[in-house]
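Read the structure below first, then the notes.
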Amino acid sequence: MNYLTTTLVLLGLIALAFTLGRRRAPVRDATWVKTASHASPGYYGAYVALWCGLPCLILFLAWIALAPTVIDSLIVGTLPEQITAGKSSSELSLVKSQIHSLAAGQAFGEPDPALSEAAARYTEFEQVSRMALFVVILSLAILTTLFARSHIRQHFRARVYVERITTGILIACSTVAIVTTIGIVVSLLFESSRFFAAVPVHEFLFGLNWEPQIPIREGQVAATGAFGAIPVFVGTFVVSTVAMTISVPLGLMAAIYMSEYASRDFRKAAKPVLEILAGIPTIVYGFFAVLTIAPWMTEMGAKLGIGVAPNSAIAAGFVMGIMITPFISSLSDDALTAVPNSLRDGAAALGATQAETIRQVLLPAALPGIMGGVLLAVSRAIGETMIVVMAAGIAANLTLNPLEPVTTVTVQIVTLLIGDSSFDNPKTLAAFALGLVLFIMTLGINIVALQITRKYREKYE
Amino acid sequence: MSSLDQSLKVSGPGAAPDDAAAQRDRRSRRRKTANLRFKLYGLAAIVFAVGMLATLVVSLIMTGYPAFTQTMVRLDIELPASEIDAAAPSDANYGKFFRDALYGLFPEVKSPPQRRNIARLVTQDAEYMLRDTVVAYPSMIGKTHSIEFTASDILNQLHIGAIDRELPSDRRSISDAQIAWYDKLVAQGRIRAVFNTALFTEADSRHPEIAGLWGAITGSFYALMVCFILSFPMGIAAAVYLEEFAPKNRWTDLIEININNLAAVPSIVFGLLGLAVFLNFFGLPRSAPLVGGMVLALMTLPTIIIAGRAAIKAVPPSIRDAALGVGASAQQVAWHHTLPLAMPGILTGTIIGLAQALGETAPLLLIGMNAFITQQPGGILEPATALPTQIYIWADSPERGFVSRTSAAILVLLGFLVLMNGVAVWMRKRFERRW
């Protein structure tokens, strides 16, 4: 009895409920105005179908989400003492995954008989759970269908009820955004608090040494790990600064040309090209940085007698700047276009050239919008991951020199979490602390940016 | 402007009128050059950006196109009936048949280490390919067949010219002896370059010559399906509610701010969310397209909601009024009239959102979709890679053949993105209505 069968049976039941409700709808005979069937028959069907489907769907999802956890804890409870005694939660999760792979038929070597027994029990429990779900869903669907069907009478206002339920569904869907935000905040806070239980907050925020290794065996020398994130923050700052130095002038000048100088045809041709630049996935930019830009920069550096590291901040920042340019140019373009023409005409009437008009009239007027765009771009640069993962360094390096390799917050999150899913050492949890910092920083910048743009918009509308 | 200048000339202040006029002309010229310079800066910025795009595309094509051809080596394989049990053809020693055929071409080479170097010219999986072919076509047993095998990475690189044979032998990955053998094979007409179908039909492998994208493409397809199934209805429902029914109050303001903020949250944070909630808390399987699709759905949702609201807002109120006037309820107006008219706009936004999701890498890395998986996934719960994570894996692989494969994979990914965005643009052009 697998989930697919259950789903199909449930769908069948919903269809059945729909027809049952529809046939139960009050008949519209010659006197139907008097006997007043309130809605068309479909609404009666929908009413019963919703009653049949919704509770089952919720139960189904909750069951799928919670069953593995429940089964795991049941299995661990039945394990003999000598396996569970004195084990930390990570060792227990290792045991659990061993049982899972045994149950899936992947045995490596000669498994512990107690474990194979547990695996057999696991398979059995899973089957029982699926069977139980099927039976529960089936009976719940039948009960609710009969219940809903018994409601339908001559003056039953089916449409009102159906619309009330759909409104509820609509509201639930629109709150998903809030639930997501809450989920992000709660999960980041929860895992970070576990990290800060092991590493003090001030050490994390102000420490100058970032070496996130953990001792693999007891009493290992020189690998206790240091979690001072300042070098990581500085690295993020250096890369973002390089990116912004490239993208702000480029994006702004491109926007000025597009909105003030370019002919319509040029605009029509150039705008999509810039949009393509914005639509390229960041992993492509990352590979481009490694493949073309970084070797080119090293070569240029060698010619000029400057040592440029192959994974220098400047190569990653340069490519990131190219990536962000269309973002800044389109937001600045919007801001410039929103400046009313009366300002342009006024400046022209005073004899100003176009460049003077732009520099002294339009840019100050569009400044809030441009600033908002630049801030959004900064938050993008800070949160950008793939370019720096591929093109920047991994080792933390406390320097402001963009020619040296540095590491960033996002690079550290990825390197700390790739291939490691055990959740109770500071190394893994540090990634969540970094994620929390990243989230707070980008959220703060975004809110300020949106605030600035919103204020500006009110000015001319 | 010129009339303005002239009028200034007539009444301009200054000691000597001629002197003042000359000064004015100079200043005017200076200002005009400044204007021209400023204009050129703008043009240069655009040209630079477009030039970078061109450099990117050209360098990808230059490094990627060799991966679309694959060198094949033709060998005459003898399959003696005495050594293959027709009842259980998979048990025979195909490695021996294969090596006999290969070494038979170079009778002068006797020493085992040298012979191993010969074997390195053909992919290491050759004997399994031979076995699978014979198992599929048992009638081959007892005859000698001319079969083409995938060449190894080094021979492939040499054949397409990626390895310079003029280099000193310690600076290239193929030895002088191997080059001599290659020349002999070419002279015998046994080497041929064909279109690399394996790139599109195979899954990942440690050996670049037989590594393909099909596993990643199916993985991406499953993840995008999950993403679409979750985010499309939810996004429409949220957009309809916010645009048509929601009262203007603090709660809906909060929802709106939230949606705008979520659209700007770094993608890696969504990865952390997926890792902590979907994998760690709910215990969903690692590397599964289901989880990848769920994370991508959360990221795509704001895009769809924002596009959906814009499309719904663009439907003129007169249509709503007309429907209300003939007795439709508010919901009937929304479902029967507003939404169908807004649908092209919503679909366009959805396709653009899905295209973004297709290129998204960082969150998929965190939920483990960068695993090494040599089979295409059979469902949304089986471990899989996606196109962008496959690119990441290949970009990280040291073998030389993976450099061009990575570029080729990127070209395939960009091809899909161009296709999706092209459909979106076409839909916008085809169904756009001006009211």
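Bear in mind these aren't lab numbers, they're just calculated from the coordinates by the rules spelled out. Predicted model only: the values in this text are computed from it and were never measured. Counting neighbours? That spans all protein chains shown, and the Cβs are built from the backbone with ideal geometry, glycine included.
One table, with the values for the structure above:
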| item | result |
| --- | --- |
| Exposure proxy order (Cβ contacts within 10 Å, fewest to most) of B:159, A:100 | A:100, B:159 |
| Prolate/oblate/rounded call for chain B, Cα gyration tensor, a/c under 1.5 rounded | oblate |
| Mean separation of Cα contacts under 8 Å, 6 or more apart, over the residue count of chain A: relative contact order % | 17 percent |
| Cα centroid separation - region B:170-232 against region A:110-130, whole Å | 40 Å |
| The protein assembly as shown shape via C-alpha gyration tensor axes, a/c threshold 1.5 | oblate |
| 3J(HN,Hα) from dihedral phi, region A:172-187, Karplus parametrisation 6.51/-1.76/1.60, rounded to Hz, x for glycine, proline | 4, 5, 6, 8, 4, 4, 5, 4, 4, 4, 4, x, 4, 4, 5, 5 |
| Coarse-grained scattering of region B:67-196 at q = 0.10, 0.12, 0.15 Å⁻¹, given as base-10 log I(q)/I(0) from a Debye sum over alpha-carbon atoms | -0.34, -0.48, -0.73 |
| Kirkwood hydrodynamic radius of region A:3-174, Cα pairs, Å | 19.4 Å |
| Helix B:17-64 axis, angle to chain B major axis (alpha carbon atoms, nearest 10°) | 30 degrees |
| Inter-label distance for residue A:206 and residue A:135, nm, one decimal - labels placed 7 Å from Cα along Cα-to-Cβ | 6.3 nm |
| Residue-averaged beta-carbon neighbours from other chains (10 angstrom radius) around A:180-186 | 6 |
| Residue order, fewest to most beta carbons within 10 Å, for A:236, A:357, B:150 | A:357, B:150, A:236 |
| Cα centre as origin, Lys/Arg/Asp/Glu Cβ charges: chain B dipole, Debye | 2080 debye |
| Over region A:306-373 - Rg/Rh using Cα atoms and the Kirkwood inverse-distance radius | 1.23 |
| Degrees separating the helix B:2-11 axis from the principal Cα axis of chain B, which is the longest one | 40 degrees |
| Prolate/oblate/rounded call for chain A, Cα gyration tensor, a/c under 1.5 rounded | oblate |
| Nearest-ten-degree value, helix B:176-187 long axis tilted from longest Cα axis of chain B | 90 degrees |
| Shielding of A:407-417 by partner chains, average beta-carbon count, 10 Å | 3 |
| Length-normalised contact order of region B:89-162 in % [C-alpha pairs under 8 Å, at least 6 apart] | 39 percent |
| Order by protection proxy (mean Cβ within 10 Å, highest first), peptides B:200-210, A:436-446 | A:436-446, B:200-210 |
| Ascending count of other beta-carbon atoms within 10 Å, so fewest first, for A:43, B:128, B:137 | B:137, B:128, A:43 |
| Check: the protein assembly as shown dipole with +1 on Lys, Arg Cβ and -1 on Asp, Glu Cβ, in debye | 3540 debye |
| Straight-distance crosslink candidates among aspartates and glutamates, where the alpha carbon sits under 14 Å from residue B:32 and sequence neighbours closer than 8 are dropped | A:356, B:5 |
| For residues of A:438-444, the mean tally of beta carbons on other chains within 10 Å | 3 |
| Pairs from A:268/A:455; A:271/B:429; A:271/B:39 whose Cα-Cα separation, in the structure shown, is over 25 Å | A:268/A:455 |
| Inter-label distance, nm, simple model (7 Å from Cα along the C-beta direction), residue A:7/residue B:423 | 2.0 nm |
| Quarter of Cα convex hull surface for region B:214-431, i.e. mean projection, nm² | 13.8 nm² |
| Helix-derived mean residue ellipticity, 222 nm - over the protein assembly as shown, DSSP H n ≥ 4, -39500 (n - 2.57), to 500 | -22500 deg cm²/dmol |
| Amide H contacts of residue A:397 (H built 1.01 Å from N, under 5 Å, at least 5 apart or other chain) | A:407 |
| Packing rank of B:217-226, A:58-67, B:343-352, where each peptide gets the mean count of other beta carbons within 10 Å, highest leading | B:217-226, B:343-352, A:58-67 |
| Chain B, relative contact order [Cα under 8 Å, separation at least 6], % | 19 percent |
| Of B:277, B:174, B:130, farthest towards positive along the dipole that unit charges on Lys, Arg, Asp, Glu beta carbons give the protein assembly as shown | B:277 |
